[in-house]
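The values are calculated or read from the model by the stated rules, or taken from the named source; none is laboratory data. These numbers come from a predicted model, not from an experiment. Ideal geometry is used to build each Cβ from the backbone, glycine not excepted, and the neighbour counts take in all protein chains shown.
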Amino acid sequence: MQMNMNEVNNLQVRHDELTRQAQNERLAREAKQHKRESRADAQHRQAKSDTRLLTRVLSLFL
């Protein structure tokens, strides 16, 4: 089966579109993961801060 140039070009365009779509989906997943990790890091920092504050307050009463 021989393809004409128009069919070849259409396949190349479709390939490029699928490649871009896959890359965008990968980037979106990575961004979502980064956001989750950043949120977890922020929660961890807040917990450490809360613990230090609680320790100081308790030390005033002990």
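Quick look at the values:
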item	result
Qualifying positions in segment 1-50 - within 10 Å of the chain's Cα centre (by Cα) and of a type in the set (A, V, I, L, M, F, W, C)	Leu27, Ala28, Ala31
Residue check for Glu25: surrounded by 10 or more Cβ atoms within 10 Å (Cβ to Cβ) and at pLDDT below 95	no
